[in-house]
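The values are calculated or read from the model by the stated rules, or taken from the named source; none is laboratory data. Just so we're clear, the structure is a prediction, and the values are computed from it rather than from any experiment. Heads up, the Cβs are rebuilt from the backbone with ideal geometry, glycines too, and the neighbour counts pull from every protein chain shown.
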Amino acid sequence: MSYHILHQFDEQWLADLKQDAADNKQKGKGLLNAFGDERPNVRRTKFAARESKRWAIVALALLLATFALLFSIDATRRAESLQQRLDALETTAK
């Protein structure tokens, strides 16, 4: 499941990069590109915002996976405890 999520993440990232490249080719013909001072800053700001969102999603996914692992460990411990109590009740009932 995590491989599928990472694969989708990679595909979306590549699609965004391709879209940015196509947009840059079209916008490169404009008058603002000749002066060029404002566009790189805007591009860097967009890139930084997008990267920070991606890192937030990655951090959230790692946190969710950690909690899922802890929950499964706790569930296993509780199942073993329940099985021991059930075995003890069966032996006292005989």
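Applying the selection to segment 65-78, what residues are farther than 14 Å from LEU6 by Cβ and of a type in the set (A, V, I, L, M, F, W, C)?
PHE67, ALA68, LEU69, LEU70, PHE71, ILE73, ALA75
Tell me, yes or no, whether segment 27-37 has at least one residue that is modelled with pLDDT under 70, polar (S, T, N, Q) and loosely packed, with under 10 Cβ neighbours inside 10 Å. Full working, then the answer.
If we filter segment 27-37 for residues that are modelled with pLDDT under 70, which is where we start, we get 27-37.
Okay, now just the ones that are also polar (S, T, N, Q), so 33.
Remaining after also requiring loosely packed, with under 10 Cβ neighbours inside 10 Å: none.
Within segment 27-37, not a single residue is modelled with pLDDT under 70, polar (S, T, N, Q) and loosely packed, with under 10 Cβ neighbours inside 10 Å.
If only one of ARG54, ARG50 is modelled with pLDDT of 85 or more, among the basic types (Lys, Arg) and surrounded by 10 or more Cβ atoms within 10 Å (Cβ to Cβ), which one is it?
Every option except ARG54 fails the conditions.
Check segment 62-74 and report whether any residue there is in a helix (DSSP H, G or I), within 21 Å of TRP13 (Cα to Cα) and either touching a His at 6+ places or on another chain (Cβ under 7 Å) or at pLDDT 90 or above (or both).
Yes, there is a match, as at least one residue in segment 62-74 is in a helix (DSSP H, G or I), within 21 Å of TRP13 (Cα to Cα) and either touching a His at 6+ places or on another chain (Cβ under 7 Å) or at pLDDT 90 or above (or both).
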